[in-house]
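Below is one structure; the comments refer to it alone.
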Ligand code: G1P
Ligand code: ZN
C-alpha cells in the first residue's frame, strides 16, 4: 500500500463542543480542514492497526464527500475493517448499536444533529468510542490539542467507493463493508420491546399514530419498524425520505419546528404523535391536544419501565443532566434506586452505564435513552411509549396526569437567547458567577436562595472532575434557575435559562404563567437585558 503523507498546518478552533465538532459546511470545505480533524481523532486512538471503524451520518449536505475522505484516511492509518452505512446513512443511536455489535474501536458520526443542513448551513463530526458512546472529555481535549499542532495526515490514492450498494469491497489490506443501516438497529428494538402487543395496537383501528421523520435520518428506520414490523398504516410515517437539507427545515422535534405533526395530531384527532431530529437521537412525544415535556417523559418511562420486557426486572438506577427537572428523582426515590445528576451532554452517562449503575437516562433537550446503546435514542423513546400505551390501554394524557397525581409535577421551561455577542455573553456569565456567593440567604418576594453555585461533576466511576458546568440557583419554595451557554452553536453565543418549580396541585396551570415570578427573578439576577439588550427569548421550550 502506498501511504501518502500530506503536509498540513493547523486551523484554530477545532474544539469539539457538547457533541462533536460543528461548523458551517463552508468551514469544513476549506483545504485540509476535515482531514486535520480526522487525523487528530485517529492519533487519539491507541492504535488503529487492524481495528474496525464505523462511519455513517444523518445524510446531510457534505456527508458523502466527507465519507470518501475518511475511507482513504482510515485505510492509510491502518484500519482493517470499515463498516459504512449504505448511502452514508447511520442514525446516531444506530451507529452506537453497530459499534457495539461489531466490536469496533469506535466510529465517526457525521451530523450536526438538529441544526439545519445545506451548503450554507451546518456540518458536524464526532468520534464515538468502543462502548458506542461519545468520546470522553480527556479524549476530546487530546483531539483538540493535536489539531493545534498538526503537521501531517495520512491518506491513500483510491477511486471513490460505491457506498450506495450493500456489499464488501477490498482495498489493499482493508475490507470495506457497506451495511444496511437499519437492520441491526431494528433487530435490537425487537429484542427490547413487546412487539406482539404493540403490533396489535398499531395495526388496529382504534389507535391512530403519526411519526414525523422531519426529512431526516429516521425515515427509513421508522418505515421498517413501525410499518413493516409493527403493522402501522403507511400514512403513519411522514416526511420519511432523508434529504441533504432536510427539505429546508430545521430538523428539531419541538412544538415550533414539528408544527405540521402537532397540527395533524390535534386537528385529525390522532391518539399519539412523535418526531425525531436530524440524526435520530432526540424525540418529542405528544398526545391529542397534549404535549409531554421531555423531563416528564423520562420520569414516566422510568416509573412504567416494568411494562417493557427488557426492563421488567427493574432499573439499575437512573440519571439526568443537571438542567433537567427533578421529576425523575422522585421516581427513583420511590423505586429505591440511585439517581445521578450529570453535566449537559451525553458523554457523562456512558461511564455510569458501563459500570452497571444506571439503566435509563435523559435530558430536558428531548433526549432519552437506556443502556441498550450509549447514545440518546429517539425511536427507542417512541417505542417505550407505544409499549406502555399498549400495556395500559390508557391515553397519553391519562398516563401523564396519573403520574403527576402520584409524584407531583415539576413545571419546567427553557428560554434560549440565540446568536448573542460572544464577549457580552462571557461577561454576563462572569458577573453572574462572581455574584453567586452573595446570593445564598438573599430573599426575593418572600422566596430565599438556598444554594447558588457553578455545578461541578465528579465522575463516580473514573474519578474525573468537570468544572463550570452551569450556574444553579435553588430556592426554598422548590424553584430552581439554571444558566449556561450552549456548547453546540456555530454562530455567536446562545444563552440557555432553565426554570423549574415543583407543585403538588393546580396541574392544569399554564407553565409560562405559573413560572413568571421565577422567570422575572432569573432575568434580574442574570442581567440579560443589561448585557444583551434582549427582552424576550428566541425559543421557549
Ligand atoms: C444541546 C442540549 C444538550 C444536548 C446537546 C446535543 O447542547 O442542551 O442537552 O446533549 O445539545 O444534542 P448545548 O447546545 O446546550 O450545549
Ligand atoms: Zn441529534
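Details
- q = 0.18 Å⁻¹: log10 I(q)/I(0) that the Debye formula gives for segment 1-41, counting C-alpha atoms only: -0.55
- Additional length obtainable on full extension of the chain from residue 200 to residue 177, 0.36 nm per residue less Cα span: 4.7 nm
- Shape of segment 452-541, Cα gyration tensor, a/c cut at 1.5: oblate
- Helix-only arithmetic for the chain: the sum of -39500 (n - 2.57) across DSSP H runs with n ≥ 4, divided by the residue total, places the mean residue ellipticity at 222 nm at -9500 deg cm²/dmol.
- Remark: segment 302-414 projects, on average over all directions, an area of 6.6 nm² (convex hull of Cα atoms).
- Remark: spin-label model distance residue 534-residue 29 equals 2.9 nm, labels positioned 7 Å along the Cα→Cβ axis.
- Ordered by the number of other Cβ atoms lying within 10 Å of each residue's own Cβ, fewest first, 67, 89 fall into the sequence 67, 89.
- Gap separating the Cα centres of segment 216-257 and segment 430-457, nearest whole Å: 44
- Going from the fewest other Cβ atoms within 10 Å to the most, the residues 433, 488, 147, 218 appear in the order 433, 488, 147, 218.
- A Stokes-Einstein calculation at 20 °C with viscosity 1.002 mPa s, built on the Kirkwood radius of segment 368-408 over Cα pairs, returns a diffusion coefficient of 188 µm²/s.
- Relative contact order (%) - segment 93-238, alpha-carbon pairs under 8 angstrom, separation at least six: 16
- The chain, relative contact order [Cα under 8 Å, separation at least 6], %: 13
- Fraction in percent of alpha-carbon pairs per bin - 5 Å, segment 360-505: 2, 8, 12, 15, 18, 16, 13, 10, 5, 2, 0
- Put a dot 7 Å past the Cα of residue 191, heading toward its Cβ, do the same for residue 454, and the two dots end up 4.3 nm apart.
- Equivalent ellipsoid semi-axes - Cα gyration tensor, segment 194-259, angstrom: 24, 13, 8
- Segment 84-227, Cα convex hull volume normalised per residue, Å³: 169
- Each of residue 1 and residue 149 was given a label point 7 Å from its Cα along the Cα-to-Cβ line. The distance between the two points is 2.7 nm.
- Three-way shape call for segment 237-299 based on the alpha-carbon gyration tensor, with the a/c threshold at 1.5: oblate
- Measuring between their Cα centroids, segment 520-534 and segment 394-417 lie 28 Å from each other.
- Whole-Å distance, taken between Cα centres, linking segment 143-208 and segment 113-132: 14
- Fewest-first sequence of 366, 211, 502 by Cβ atoms within 10 Å of each Cβ: 502, 366, 211
- For segment 432-485, the convex hull drawn through the C-alpha positions has a volume of 95 cubic angstrom per residue.
- Shape annotation for the chain: C-alpha extents along the principal axes are 73, 58, 41 Å, from largest to smallest.
- Annotation: Cα Rg of segment 69-169 relative to the compact-globule expectation 2.2 N^0.38 Å equals 1.14.
- Three semi-axes of the equivalent ellipsoid, segment 1-101, Cα gyration tensor, whole Å, largest first: 20, 19, 13
- Shape of segment 66-106, Cα gyration tensor, a/c cut at 1.5: oblate
- Measuring nothing but how far apart in sequence close Cα pairs (under 8 Å, 6+ apart) lie, relative to its length, segment 20-132 scores a relative contact order of 36 percent.
Laboratory data are not the source of any read-out in this text; all were calculated from the coordinates shown. These numbers come from a predicted model, not from an experiment. Quick reminder, even Gly has a Cβ in these numbers, built from the backbone with ideal geometry, and neighbours come from all protein chains shown.
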